[in-house]
């Protein structure tokens, strides 16, 4: 277990790095971290790290099909307990998909990430078969 804690700006930046490159810093998560998204549903810290600690799967499924991200908008609340990253990614097959990632922070660590997007549009854009 790590004793590291992070500022909201550091957590925003590290979350953005994960989203756009697949590189994940596993020390940013609280022990009771939870991830939610339309595709991955609900995952604990261990389940999330099992899926994303090695960027190969995320790269193969998503990042390899994305040409670029534009825009990327980062927001934080005045209490520094919540943030949002709003982004649009553009894919090789001509799709443009918006996604919002909401983060909740406790004691300098990520307590929750919630990704919000249109699952059907995402599957088309990333050529994911049901």
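Details
- Enumeration of residues in segment 14-32 that are over 27 Å from residue 121 (Cβ atoms) and touching a strand residue (DSSP E or B) at 6+ places or on another chain (Cβ under 8 Å): 28, 29, 30, 32
- For segment 56-79, a residue qualifies if it is without any contact (Cβ under 8 Å) to a residue 40 or more places away in the chain, within 14 Å of the chain's Cα centre (by Cα) and under 24 Å from residue 7 (Cα atoms), and exactly one does: 73.
- Matching entry among 48, 52, 95 (being in contact with a strand residue (DSSP E or B) (Cβ under 6 Å, 6 or more places away or on another chain) and either modelled with pLDDT of 90 or more or under 17 Å from residue 34 (Cβ atoms) (or both)): 48
- Enumeration of residues in segment 31-44 that are buried (at least 17 other Cβ atoms within 10 Å of the Cβ) and farther than 17 Å from residue 89 by Cα: 33, 34, 35, 43
- Residue 23 vs. criteria in contact with a helix residue (DSSP H, G or I) (Cβ under 9 Å, 6 or more places away or on another chain) and more than 16 Å from residue 103 (Cα to Cα): yes
- A single entry from 22, 94 fulfils the requirement of being at positive phi and either surrounded by fewer than 15 Cβ atoms within 10 Å (Cβ to Cβ) or over 12 Å from the mean Cα position of the chain (by Cα) (or both): 94.
The values are calculated or read from the model by the stated rules, or taken from the named source; none is laboratory data. Nothing here was measured: the structure is a model prediction, and the numbers come from that model. All Cβ positions, even for glycine, are placed from backbone atoms using ideal geometry, and neighbour counts span all protein chains on display.
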